[in-house]
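The values are calculated or read from the model by the stated rules, or taken from the named source; none is laboratory data. What you are looking at is a predicted structure, and each value in this text was computed from that prediction instead of being measured. Quick reminder, even Gly has a Cβ in these numbers, built from the backbone with ideal geometry, and neighbours come from all protein chains shown. Side chains are part of the model used for accessible areas, which takes the heavy atoms of the whole protein and leaves out ligands, DNA and RNA. Shrake-Rupley method; radii C 1.70, N 1.55, O 1.52, S 1.80 Å.
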Amino acid sequence: MRGASVWARLLGVEKTLVDGVEFDGDLGVLVAYVRPRVGERGRCGVCRRRCPRYDAGEGPRRWRALDLGTVKAYVQAEAPRVRCGEHGVVVAAVPWARHRAGHTRVFDDTVAWLATACSRTAVTQLTRIAWRTVGAIVKRVCAGVDQVVDRLAGLRRIGIDEVSYKKGHKYLTVVVDHDTGRLVWAAPGRDKVTMGRFFRALGEQRCQAITHVSADGAPWIADVVRAWCPQAVLCADPFHVVQWAGEALDEARRAAWNDARRAVGNDRRTTAGGRVINLSRGDAKKLKNARWALRKNPDDLTANQRAKLDWIAASNPRLYRAYLLKEGLRHVFKIKGEDGIQALRHWLSRAQRSRLPGFIELGRKIKRHRATIYAALEEGMSNALIESTNTKIRVITRVAYGFKDPHALIALAML
């Protein structure tokens with residue numbers, strides 16, 4: 001193999017002729033002098049169409065390549081400009097780098113991969129570039145993928161949710177394809193305007209192909225989905241519905257804790273379920289610390305939490321009734337189908353008679369969303385996949401110690 005071919009392989013450049021290599025002692029870097037092959041010359045840097053030469057540009061320029069051991073490497077070439085009928089006067093395309101990039105394609109791709117697998121400190125120290133540069137590279141690589149891959153093609157069943165990415169109520173709206181399990185779209189914001197941007201990007205024709213949409217009960221999602229995809233079946237997310245029950249259970253627990261605290265403070269007895277019980281100062285503390293014993297799934301309870309639950313069943317039947325209602329709603333989504341619908345109707349009747357304000361209001365809320373909840377039971381759809389995607393986005397954010405630019409986070413999540 002010729003020496004020029006060896007250097008081309010080492011530098012990761014294709015369709016490129018290596019004219020010479022030298023070591024710059026002043027800067028301590030290796031510089032390879034290259035030029036595109038004949039078939040790659042005189043092309044628009046944006047659309048890569050052949051175009052007439054305009055001028056020599058600003059002269060030779062350098063692109064950072066992957067390090068060779070501990071030595072930084074650069075490729076240097078002329079950067080003439082061409083006149084494109086569509087994009088005007090632009091710098092000619094080069095086969096080893098993306099348009100307007102200061103790094104080679106191989107360097108960009110390596111940094112983008114590292115950013116998805118390593119912490120910010122590891123990426124910046126290994127590649128010897130700034131974190132802001134990493135963000136620019138990730139966005140550039142993702143944009144290149146978007147040019148050749150239509151992420152919105154073939155969508156039928158989608159899930160929509162929001163995820164927090166920064167303090168101060170900064171959110172991303174994310175859309176996942178249930179059939180492929182992939183994140184297909186994300187944008188800053190969580191409102192009707194943001195949701196409308198997705199459907200406009202999808203287009204009216206492809207909106208008609210959407211058959212199912214899973215989401216929580218947020219109006220900013222449901223209203224836009226009905227406007228753009230009236231034929232789609234909107235399915236409520238079971239996780240969020242059970243979460244509503246958890247919130248109603250917390251309300252009942254706080255009420256029981258306050259009753260116990262007041263009873264102890266006044267040195268008197270209280271009545272629960274027709275039985276007179278004596279409350280000690282420790283009982284109020286037990287109720288305060290029983291949140292996880294009540295919220296967790298029965299199969300996941302520790303021995304100590306099971307003991308707390310048994311104590312609540314014996315000492316506070318009203319709170320235990322709230323716990324059983326929460327578990328009953330969870331069972332509804334576990335059995336699904338027609339049996340699940342019948343179980344939900346029975347649950348609504350129990351909630352209405354429970355004399356628990358939180359669950360009475362929850363029953364009314366479920367009735368308002370009855371159509372979407374029935375659809376979720378019939379179709380067996382949930383936002384479990386999108387919650388998993390949200391968890392990965394949170395991990396990316398935490399590993400990177402946050403992002404000032406949400407578009408860099410979105411690009412990294414897409415990759």
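Counting pairs of alpha carbon atoms under 8 Å apart in space and at least six apart in sequence, what relative contact order in percent does the chain give? Walk me through the numbers on the way to the answer.
Values: 638 pairs, mean separation 56.7, N = 415.
Across the chain, relative contact order equals 14 percent.
Ordering 131, 113 by how much accessible area each has at a 1.4 Å probe, largest first, what is the list?
On the way: 131 55, 113 160 Å².
Of 131, 113, the descending order of accessible area is 113, 131.
Which of rounded, prolate, oblate describes segment 1-97, given a ≥ b ≥ c as roots of the alpha-carbon gyration tensor eigenvalues and a/c under 1.5 marking rounded, otherwise prolate only if a/b is larger than b/c? Kindly include the intermediate steps, with their values, before the conclusion.
Details: a/c = 2.59, a/b = 1.86, b/c = 1.39.
Because a/c hits 1.5 or more and a/b exceeds b/c, segment 1-97 counts as prolate.
Just want to confirm a number: the relative contact order over segment 119-200, from Cα pairs under 8 angstrom separated by 6+ residues, in percent. Don't skip to the end; give the middle numbers.
Working: 78 pairs, mean separation 14.5, N = 82.
Here the relative contact order equals 18 percent.
Dividing the Cα convex hull volume of segment 312-378 by residue count, how many Å³ per residue is that? Walk me through the numbers on the way to the answer.
Numbers: hull volume 4.8 nm³, N = 67.
Spelled out: Cα convex hull of segment 312-378, divided by residues, is 71 Å³.
Could you put 308, 392, 334 in order of accessible surface area, largest first, with the 1.4 Å probe and the full protein assembly present?
Values: 308 60, 392 130, 334 155 Å².
Ranked from most to least accessible, the order is 334, 392, 308.
Given points 7 Å out from each Cα along the Cα-Cβ axis, report the residue 147 to residue 205 separation in nanometres with one decimal.
Roughly 2.4 nm, to one decimal.
About the Cα centre, and with charges only on the beta carbon of Lys, Arg (+1) and Asp, Glu (-1), how big is the dipole of segment 1-97? Nearest 20 debye, please. Don't skip to the answer; put the middle values down first.
Values: 17 positive and 11 negative charges, 111 e Å.
So the dipole magnitude of segment 1-97 works out to roughly 540 debye.
Determine the sum of side-chain charges near residue 135: Lys and Arg each +1, Asp and Glu each -1, restricted to other residues whose C-beta is under 13 angstrom from that of residue 135.
Numbers: positive: 120, 132, 139, 140, 404; negative: 108, 405.
Residues close to residue 135 contribute a combined charge of +3.
Accessible area of segment 238-379 with a 1.4 Å probe: how many percent of it is carbon plus sulfur?
Values: 3770 of 7940 Å².
So the carbon and sulfur contribution to the accessible surface is 48 percent.
Output the peptides 336-349, 99-112 sorted from most to least packed, where packing is the average of other Cβ atoms within 10 Å over each peptide's residues.
So the peptides 336-349, 99-112, ranked by packing, come out 99-112, 336-349.
If you roll a 1.4 angstrom probe over the protein chains with everything in place, what fraction of the accessible area of segment 109-206 belongs to carbon and sulfur, to the nearest %?
Numbers: 2540 of 5110 Å².
Carbon and sulfur atoms account for 50 percent of the accessible area of segment 109-206.
Please list 82-94, 14-26 highest first by mean number of surrounding beta-carbon atoms within 10 Å per residue. Walk me through the numbers on the way to the answer.
On the way: 82-94: 17.7, 14-26: 13.3.
Descending packing order for the listed peptides: 82-94, 14-26.
Taking θ as phi - 60°, what are the ³J(HN,Hα) couplings along segment 38-43 by the Karplus curve (6.51, -1.76, 1.60), each to the nearest whole Hz, with x for Gly and Pro?
4, x, 9, 8, x, 10
For the chain, what is the mean residue ellipticity at 222 nm derived from helices alone (per DSSP H run of n ≥ 4: -39500 (n - 2.57); sum divided by total residues; nearest 500 deg cm²/dmol)? Provide the component values of the computation, followed by the final result.
Working: 17 runs with 209 residues, N = 415.
For the chain, the value works out to -15500 deg cm²/dmol.
How do 323, 33, 374 stack up against each other in accessible area, from largest to smallest, with a 1.4 angstrom probe? Show your work: numbers first, answer last.
Values: 323 10, 33 70, 374 35 Å².
Largest to smallest exposure gives the sequence 33, 374, 323.
Just the ratio, please: alpha-carbon radius of gyration of segment 66-196 over 2.2 N^0.38 Å, N its number of residues.
On the way: Rg = 18.6 Å, N = 131, 2.2 N^0.38 = 14.0 Å.
So segment 66-196 has a normalised radius of gyration of 1.32.
Restricting to lysines 8 or more places apart or on different chains, can you count the pairs in segment 238-379 with Cα atoms under 13 Å from each other?
Values: 285/308; 286/308; 288/308; 296/308; 296/326; 326/334.
Step by step, the pairs that qualify in segment 238-379 add up to 6.
Could you give the radius of gyration (one decimal) and Dmax (whole number) of the Cα atoms in the chain, in Å?
Radius of gyration, then largest Cα-Cα span, for the chain: 30.2, 96 Å.
Tally Lys and Arg at +1 and Asp and Glu at -1 over the other residues with C-beta under 10 Å from the C-beta of residue 157: what net charge comes out?
On the way: positive: 156; negative: 177, 179, 379.
That works out to -2.
Quick one: which residues, 5+ away or cross-chain, put their amide H under 5 Å from the amide H of residue 185? H built at 1.01 Å from N.
Under 5 Å from the amide H of residue 185: 175.
Report the charge-dipole magnitude of the chain in Debye, nearest 20, computed about the Cα centre from +1 at each Lys and Arg Cβ and -1 at each Asp and Glu Cβ.
Numbers: 73 positive and 41 negative charges, 259 e Å.
So the dipole magnitude of the chain works out to roughly 1240 debye.
Determine the per residue accessible area of segment 238-379 with all protein chains present and a 1.4 angstrom probe, expressed in square angstrom. Numbers along the way, then the final one.
Values: 7940 Å² over 142 residues.
On a per-residue basis, 56 Å².
When each pair of different Cα atoms in segment 238-379 is counted once in the 1/r mean, what is the Kirkwood radius in angstroms, to one decimal? Can you show the working numbers first?
Numbers: mean 1/r = 0.0630 Å⁻¹.
Kirkwood hydrodynamic radius for segment 238-379: 15.9 Å.
Counting only DSSP beta bridges with both residues in the chain, what percent are antiparallel, rounded to the nearest 5? Working shown, then result.
Working: 39 of 52 bridges.
Given both bridge residues lie in the chain, the antiparallel proportion sits at roughly 75 percent.
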